[in-house]
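Below you'll find the structure, written out as structure tokens, and then a few comments.
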Amino acid sequence: MPVKNQPNKGQRVEGSRNLLSLENTDPIQMGFWVPNRVWATAKFLVPLREHIAAKKKAGKLAPLQPVMQEFKNWVTNNSTYRMWIESMIEQSNAFVATLPEKTRKEIKADGDVVWLEGYDSFFEVLNEIITTSPSFNTTAQVGTPMNGFLAVAMGTQAGAALFHDTKFNQQFRNVLNAWNTFLKSSASLDKLDINNPEKPGSWISKAAQQAGVWQEMEHDPKKPGYGFDSWNSFFIRKFVPGARPFQGNPKTQINIGCETTPWQYADHLSLESNFWAKDMKYSLLDLFGGQQQWAKLFVGGQLYQGFLSATHYHRWQAPLDGEIVRSWVQPGTYFAQRPQQGEDQGTWEGTESQPYLGHVAARAIFIFKHKECGYIALICIGMVEVSTCVIEPSHLIVEEGANPVAIKRGSEIGRFEFGGSTHMMIFQKDRVRMEEWARQAVKHQNDPNPTKMGSVIAKALKS
């Protein structure tokens, strides 16, 4: 079935059969959605490619990490996946060749416009990424180097097919896990070097300070690594005590449990809808991973969605006083974007695909019960290389049929690891009135600062 056709009702995008194929091999399917008109990705990818080429020429290029060699062997030994990667490379380069001359000059290699140099290079670049820590920059790609590398590729027909495939995602997860291990080691502190704070990509540079990376965050500038033992421990840094007091009356009001920039609002939610369609609806059954008994609670209700960049606070805190009646981590995709995205120039595919990702990406799902406001869901969704959603403490994982767990608002309930992300809060029909800023989320997408965690998002109608 060609990608341009909508899936039949009942199909699930997480699946790998009869949904996406290579029958339609147009150069690009999602439009020109690379951030800042390709500059962010080009300015990341070209220096990285040149760095690898210089290492090769000097005979200093390190061999593939064992996990990367295993991944390459698996792809090579499975002809369908090798075909998809080869086709993805060809389609990426074909798309880039259609860009304006000024843009193409930015990404020239040996006189030719090449985005991905070839099959072997694909794995070499990935190998380099998973042995380094993300850099700070002022683009939409901050903290997400793998997304910078794959930004064009995952928008091709072949890329969409590949990154929606369950088996491929299972193999790719091993690569991401290896990178996660590195980012939890002391070797990942190279861009938090107090002896060289202005080195390229530094998270303690003047530019990072001006961007608010350290504003109201715990750190010690006199200690190596600013007091952190790894890049990941820096990434999940905490606010200083008292920086984010929870507002309002906990008996009648609900707070936001993530610090996010508003993105979308929806009401009259449906149990099922074509969430992959261009007009972008939310499908409760798919948001809750097919668990109908929980999805049905929110039919007709309201939904707020917000976006977290890599510079935001990435821990989650309970948005209310009440109970957690169910919570789990739902596995899903990593780099899948909505088919036929069709974004405008200057936008980023990750942000535009946020509603879609809530249905297919790896995510942590909480269902709370509040005495006055009823059932409330919080869904914390990983984006691109942000594949790790951690519910912690572990006793907050509430299995089906288990007794509810009492919770106080402001209590830490989990975190994202390794990069930018998105989250949703879902409310039952006729139980709350949401705040104006949440209902007008689209108007606040370009707010310079995120809405503070602990802000009131909804109030019980009865009150």
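A few notes on this one:
- Residue within region 39-61 that is at pLDDT below 50 and either among the acidic types (Asp, Glu) or part of a helix (DSSP H, G or I) (or both) present: yes
- Meets criteria (surrounded by fewer than 18 Cβ atoms within 10 Å (Cβ to Cβ), touching a strand residue (DSSP E or B) at 6+ places or on another chain (Cβ under 6 Å) and under 22 Å from residue 461 (Cα atoms)) for residue 248: yes
- Here residue 268 passes the criteria (1) outside the structural domain of residue 373 (by TED's automatic domain parsing); (2) at pLDDT 95 or above; (3) loosely packed, with under 14 Cβ neighbours inside 10 Å except the one numbered (1).
- When region 62-75 is filtered for residues that are loosely packed, with under 12 Cβ neighbours inside 10 Å and either in contact (Cβ under 8 Å) with a residue 24 or more places away in the chain or in a loop (DSSP other than H, G, I, E, B) (or both), the ones remaining, listed by number, are 62, 63.
- Looking across region 196-225, the residues that are more than 24 Å from residue 128 (Cα to Cα) and among the polar types (S, T, N, Q) come down to 209, 210, 215.
The values are calculated or read from the model by the stated rules, or taken from the named source; none is laboratory data. The model shown is predicted, which means the values in this text are computed figures rather than measured ones. Neighbour counts are summed over all protein chains in view; Cβ atoms, including those assigned to glycine, are modelled from backbone coordinates with ideal geometry.
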